[in-house]
Amino acid sequence: MGKIAGPGFGPIRRAAIDVAVNGDNTLVAAVTGRAIRVVSVVLVPAAAVTVRFESGAGGTALSGQMNLAAYDIFVLSRNEDGWFETASGALLNLELSGAVSVDGALSYVEVA
């Protein structure tokens, strides 16, 4: 993965995170011919829950399963190279182990 500036990269985009479904939760919709490269994330669960980022709903794991306690603040600070990215044309998914409210925000770029 290259840095977030340069040819083939769109502008930095931001998305609010407000999910609570056991299983798949779309964070960023798929974009035809583009991958979603995550640059930063903050998550705060209302109760204990395990989370995992995935490329596509029920798709390829982009992170390990992370056990968060109630009101833990999970942060991936800005990373110029990106933390992970989806496959081209795949949505960014957050899988939850239970029906727990998880809120936060993320920034990302679309990569050709």
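A few comments on the model shown:
- Taken together, the residues in segment 22-69 that are in contact with a Leu (Cβ under 8 Å, 6 or more places away or on another chain), in a strand (DSSP E or B), of a type in the set (G, A, S) and surrounded by 15 or more Cβ atoms within 10 Å (Cβ to Cβ) amount to 2.
- So G58, is it of a type outside the set (S, T, N, Q), within 10 Å of E95 (Cα to Cα) and at pLDDT below 95: yes
- Residues that are farther than 19 Å from V44 by Cα and of a type in the set (S, T, Y) within segment 61-107 comprise T86, S88, listed in sequence order.
- Scoring N79 on the criteria (1) part of a loop (DSSP other than H, G, I, E, B); (2) closer than 18 Å to V51 by Cα leaves a single failure, condition (2).
- Scanning segment 9-34 for residues that are of a type in the set (V, I, T) and either farther than 22 Å from T60 by Cα or in contact with a helix residue (DSSP H, G or I) (Cβ under 9 Å, 6 or more places away or on another chain) (or both) yields one hit, I12.
- Segment 87-99 residues that are open to solvent by less than 20 Å² (accessible area, probe 1.4 Å) and at pLDDT 95 or above, paired with ones that are part of a loop (DSSP other than H, G, I, E, B) and among the hydroxyl-bearing types (S, T, Y) (beta carbon under 9 Å, 6 or more apart): L92/T86; N93/T86
- Scanning segment 64-75 for residues that are touching a residue at least 24 places away in the same chain (Cβ under 8 Å) and closer than 17 Å to N25 by Cβ yields a total of 3.
- A61 passes every criterion in (1) in contact (Cβ under 8 Å) with a residue 12 or more places away in the chain; (2) at negative phi apart from (1).
- The set of residues from segment 64-112 being at positive phi and not aromatic (F, W, Y) comprises G82, G89, G104.
The values are calculated or read from the model by the stated rules, or taken from the named source; none is laboratory data. Values in this document were obtained by computation on a predicted structure and should not be read as measured data. Here the Cβ is made from the backbone with ideal geometry for all residues, glycine too, and neighbour counts use every protein chain on show. Remember, those area values only see protein heavy atoms, side chains included, never the ligands or the DNA or RNA. Shrake-Rupley method; radii C 1.70, N 1.55, O 1.52, S 1.80 Å.
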